[in-house]
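Heads up: the structure comes next, in structure tokens.
The values are calculated or read from the model by the stated rules, or taken from the named source; none is laboratory data. Values in this document were obtained by computation on a predicted structure and should not be read as measured data. Note: ideal-geometry Cβ built from the backbone for every residue, glycine included; neighbour counts use all protein chains shown.
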């Protein structure tokens, strides 16, 4: 039968000693009670019995720290001479750096499209905050809260101003654009990473899509 160790729970029961030693009367009952109590606690990572060295990917390491987040902006409507955009915006008072890890553009219907990637630009339209954001590590209690804002705007006129147009991607209807940046795009407070969607090859056709991001901070 499994013997509980001090590492099995992140908090210690006040009478834990009575539960972790099997050579006492009523051991089975005590073990049951301790198991039920332990289920209400946040688990910790137990110490291994062997010493070993592993390489942990940076994204996993940041997720273990509660600093990795994912989110998306849905129903991004554009076409008929308008555009749409979604961005990760680092507020000036965040006191963190934004590291962009991955981005995707999906579910673009009806027409070919263009995705322009802009750094630190001022986009047209009125930004709206997406609520579709979650930490990647759900083992924390309470859950970490992102300091980065995921924002979007649809059916906007005009182009971004200022900043840097870093690169451009093009896609066909019902295809997915995806790029794993591995955290190499870094933005201090006040900076932003923006994806600007349009369909200049078929400007009279309506289109809609979704932009998703993964990042750590």
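Details
- If only residues of the range 156-174 that are free of Cβ contacts under 8 Å to residues at least 60 places away in the same chain and assigned to a strand (DSSP E or B) are counted, the one that is farthest from the chain's Cα centre (by Cα) is 161.
- The sole residue among 150, 197, 98 that is assigned by TED's automatic domain parsing to the domain that holds residue 73, touching a residue at least 40 places away in the same chain (Cβ under 8 Å), surrounded by 16 or more Cβ atoms within 10 Å (Cβ to Cβ) and over 26 Å from residue 63 (Cβ atoms) is 197.
- Sole residue being at pLDDT 95 or above and farther than 30 Å from residue 139 by Cβ, chosen from 98, 76: 76
- Summed over the range 134-147, residues that are in a strand (DSSP E or B) and crowded, with 17+ Cβ neighbours inside 10 Å total 1.
- Filter pass, residue 127 being buried (at least 17 other Cβ atoms within 10 Å of the Cβ), over 18 Å from residue 208 (Cβ atoms), in contact with a strand residue (DSSP E or B) (Cβ under 8 Å, 6 or more places away or on another chain) and assigned by TED's automatic domain parsing to the domain that holds residue 195: no
Conditions tested, residue by residue: (1) in contact with a helix residue (DSSP H, G or I) (Cβ under 9 Å, 6 or more places away or on another chain); (2) at pLDDT 95 or above; (3) farther than 18 Å from residue 107 by Cα.
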residue: 152; (1), (2), (3): no, yes, no
residue: 157; (1), (2), (3): no, yes, yes
residue: 162; (1), (2), (3): no, yes, yes
residue: 175; (1), (2), (3): no, no, no
residue: 192; (1), (2), (3): no, yes, yes
residue: 207; (1), (2), (3): no, no, no
residue: 213; (1), (2), (3): no, yes, no
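- Residues in the range 72-85 that are assigned to a strand (DSSP E or B) and at positive phi were compared, and the one that is nearest to the chain's Cα centre (by Cα) is 75.
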